[in-house]
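**Q** Please read through the structure below; I'll follow up with questions.
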Amino acid sequence: MKNLKRDAILFVIIALVFCLGRLSIYFIFSEFEESRITLAWIKRSLQFDFMSAAYFILPTAVITIAGMFSGREFLRLKKTYAVLAIMVAASLAVLNVCYFFEYKSQFNFWIFGIFFDDAGAIFNTIKEQYPESLMILGFGAFFAALVFFVNAVFGKKSEKSERLPLKKSVLFCAAYVFLLFVLLRGVRISGRPLQVRDIAVTADEHMNNLIPTSAYCLKEEVFRFLTAKLSGGLKNFNAREKDLPHFLNSVFGGEFKTIDEPLKRVSKGALIERPSRIFVIICESHSAWPLIEDLPDYDIIPNTKKLLENSVFSRRSFPSGNGTMATVSSIISGIPYCGISVEGVLKKTDDFAFAKFMKRLGYSSTFYYGGQSTWLRLGEFASFMGFDRVVGGEKMGDVFGTVEWGVRDRDLFEFIEKSEIPENSFNMVLTVSNHQPYDVDLKAENCPAVLKSEDDNKIWHAWYTDKYLGIFIEKMLKKYPDSIFVVTGDHPSRYKPEKIRKIDEFDHVVPIIFAGRGVQDIAFEKDFAKHLDIFPTLVEMIAPKGFEYKTWGESMFEKSRKVPPLYVKAIVSDGKIIGLSSSDCPEKMRELARRYHALAYYRSKNSEELPKEK
């Protein structure tokens, strides 16, 4: 019986650790200042705490059951496991708080950046921002205290055998297994087990996303990552191959024989004179809120704002993903991001590739990136998707490597300015400087703001990129006056002024702006758009009548859409941006997003043909 008590103590401790980790985030971070804890939120949070704790005590539960029949306590083994389990749970909870500080989210897919991103730059940033010696000392002290605590609480070995009569052992074992079964399913006896879709219990996305434990979030991301690499990745969308024909017809509203059939388009005829050079500039963490909210103290992207005066634009556009590679790989490939890494789609299909269609329109193509072109095989990926040239930071001279992420945006833009950009060329540019460790000397760059906090420093790094973006566009228009420019962000910045931190839509939107020669004559603002609308909008702007192409987006010149703007985190419903994890999101819209991304996932790895019935 003592072992049952020990398991109960371990269960309570671990559940409490995860609960305290969640509450730490709630009370520490200003994102939750106006959020309110509800009974529904508490109930669902405890369900996740109990479920995670149950998984943690599984090994020791097996030991307890073995002890019931053998009469042994296995005390040393149980104590050792208890120390390790509490240590792991506490580490996950603490690291999750640190992760939230950097990413404004519990563990998500960015966690894989530590292993698959520019690992050297990331670890250098961690070393600079966190005191290693103090962390190691604290870890050691906690471990020693934990060993003492477990020894004291778990007690000494019983002098008498705990072996029970067989009937009692079977009875206790059955009851224990049933209790574990209920807990492992998220305190549910019937129906499906608790899942991440169940977090939508309030209209507050931030509060809903705080419900799963750090351990559950990490497990989900690892599961998504692994299944996305395997043929069974449709499981990420609760889908099977046989569901896809129905998904296709329901999403696009019709009867279709192939996935590509509803994605085919024919251009209506050029709206402007053919530009000699096209620049699509994807700025790191370029948010839309400075173009929507009037905050005089945070006029951080004035050059981008100036572009709106004579342009085709949308202030409220969804990125393709919520990270750089998620977005950039989607823009380049033309397929919605659905959880697959570059390596997952490399050499699978280029049927929707941006550069491939631009080549058909007579444009050569170059991809410029301020970091190392081998990062996540980005250069190789761009080449496969039709880019004629890839120019990474390593080709930009001696300045490469003097900062953690390749070259500063100033050096990137200056390198392109000094290059001979051929006529009839399509150029995609990806910036890097508005990113951790946010070490640009803004004062030396004559930043007009008084930086009152570290958050202000991070927010105003967007001004640095915008400064050189404005200079670049101005110089290139003088050099090549018949050029057009498309400006967007890879994803919104995780840092916002305190006044607008609770406005959920700003976590989801970036600007999309078309500017340059001739665009002023057709200028207008589109309410909502998404990254995959850039390509069809550009085609309809410059292509001759009758040009055939395929796209998962819609031209911004179209008055209606087959599918509302959406991405992996949100959707437009009834003229509003709603997070898919919000209780305000209609179930039919959440279901639409699931089916859409299941189709995109399958198409990323297969031909347009629907799977044959088996």
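**Q** Out of all DSSP beta bridges in the chain, what portion is antiparallel? Express it as a percent rounded to 5.
**A** Working: 19 of 45 bridges.
Given both bridge residues lie in the chain, the antiparallel proportion sits at roughly 40 percent.
**Q** Share of Cα-Cα pairs in the range 363-516 beyond 18 Å, in percent?
**A** Numbers: 7452 of 11781 pairs.
The calculated P(r) of the range 363-516 puts 63 percent of pairs beyond 18 Å.
**Q** Let me ask another. Between residue 273 and residue 559, with labels modelled 7 Å along Cα→Cβ, what's the label distance in nm to one decimal, could you check?
**A** Each label point lies 7 Å from its Cα, and together they span 3.0 nm.
**Q** Separation of the range 499-566 and the range 58-82 by C-alpha centroid, Å?
**A** First find each Cα centre; the distance between them is then 61 Å.
**Q** Suppose R0 equals 56 Å; then what is the FRET efficiency for residue 171 and residue 608 from their Cβ-Cβ distance, rounded to the nearest 0.05? Spell out each step's value before the answer.
**A** Working: r = 59 Å, r/R0 = 1.05.
That gives a FRET efficiency of 0.40.
**Q** If you wrap a convex hull around the Cα atoms of the range 455-550, how much volume per residue is inside, in Å³? Please list the in-between numbers first.
**A** Working: hull volume 12.3 nm³, N = 96.
In the range 455-550, the Cα hull volume divided by residue count equals 128 Å³.
**Q** Count the net charge of all other residues whose Cβ sits under 13 Å from the Cβ of residue 83, scoring Lys and Arg as +1 and Asp and Glu as -1. Could you put the intermediate results ahead of the total?
**A** Working: positive: 6, 76, 78, 79; negative: none.
So the environment of residue 83 carries a net charge of +4.
**Q** Further, regarding this structure: Taking only the alpha-carbon positions of the range 509-590 and ignoring solvent, what does the Debye formula give for the base-10 log of I(q)/I(0) at q = 0.11, 0.12, 0.16, 0.19 Å⁻¹?
**A** Once normalised to I(0) and log-transformed, intensities are -0.35, -0.41, -0.68, -0.89.
**Q** What is the ratio of the Cα radius of gyration of the range 199-270 to 2.2 N^0.38 Å, where N is its residue count, to two decimals?
**A** Compactness ratio reported: 1.62.
**Q** Let me ask you something else. Skipping prolines and chain starts, which residues have an amide H placed within reach, meaning under 5 Å, of the one on residue 373, given they are 5 or more residues away or on another chain?
**A** Counting only residues 5 or more places away or on other chains, the set is 392, 393, 394.
**Q** Helix 587-605 against the longest principal axis of the chain: what's the angle in degrees, Cα atoms only, rounded to the nearest 10?
**A** The angle comes out at about 70 degrees.
**Q** Efficiency by 1/(1 + (r/R0)^6): what FRET value for residue 226 and residue 20, r their Cβ-Cβ distance, R0 = 30 Å, to the nearest 0.05? Intermediate results must be reported in sequence, preceding the final value.
**A** Numbers: r = 29 Å, r/R0 = 0.98.
That pair, residue 226 with residue 20, gives E of 0.55.
**Q** How much length is gained if the chain between residue 260 and residue 310 is pulled fully straight, taking 0.36 nm per residue apart and subtracting their Cα-Cα distance, in nm to one decimal?
**A** Extra length from residue 260 to residue 310 when fully extended: 14.5 nm.
**Q** Would you mind checking the tilt of helix 39-70 against the longest principal axis of the Cα atoms of the chain, expressed as 0 to 90 degrees and rounded to 10?
**A** Here the helix axis deviates by roughly 50 degrees.
**Q** Further, regarding this structure: Quick one: if you stick a label point 7 Å off each Cα along the C-beta vector at residue 9 and residue 451, how many nm between them?
**A** Using points 7 Å along Cα→Cβ, the separation is 5.0 nm.
**Q** Given the peptides 17-23, 189-195, 482-488, arrange them by the average over their residues of other C-beta atoms within 10 Å, most packed first. If you can, show how the numbers build up before the last one.
**A** Values: 17-23: 21.0, 189-195: 10.7, 482-488: 22.9.
Most protected by this proxy first, the peptides run 482-488, 17-23, 189-195.
**Q** Taking all pairs of distinct Cα atoms, average 1/r, flip it, and tell me the Kirkwood hydrodynamic radius of the chain in Å to one decimal place.
**A** 26.5
**Q** Separate question: For the range 358-444, which trypsin sites (Lys or Arg not before Pro) are in a loop by DSSP, counting at most 12 other Cβ atoms within 10 Å?
**A** Loop-located and lightly packed - 443.
**Q** Need the full-extension length gain, residue 297 to residue 182, defined as separation in residues times 0.36 nm minus the C-alpha distance. One decimal, nm. List each step's numbers first, then the result.
**A** Values: separation 115, 0.36 × 115 = 41.40 nm, distance 5.29 nm.
Contour length minus Cα-Cα distance gives 36.1 nm.
**Q** Over 32 Å between C-alpha atoms is what I'm after, so list which of 219/257; 104/530; 356/576; 2/104 land there.
**A** 219/257; 356/576; 2/104
Values in this text are rule-based calculations from the coordinates and carry no lab data. In this text the structure is predicted, and so the values were computed from the model without any measurement. Note that each Cβ is placed from the backbone with ideal geometry, even for glycine, and that neighbours are counted across all protein chains shown.
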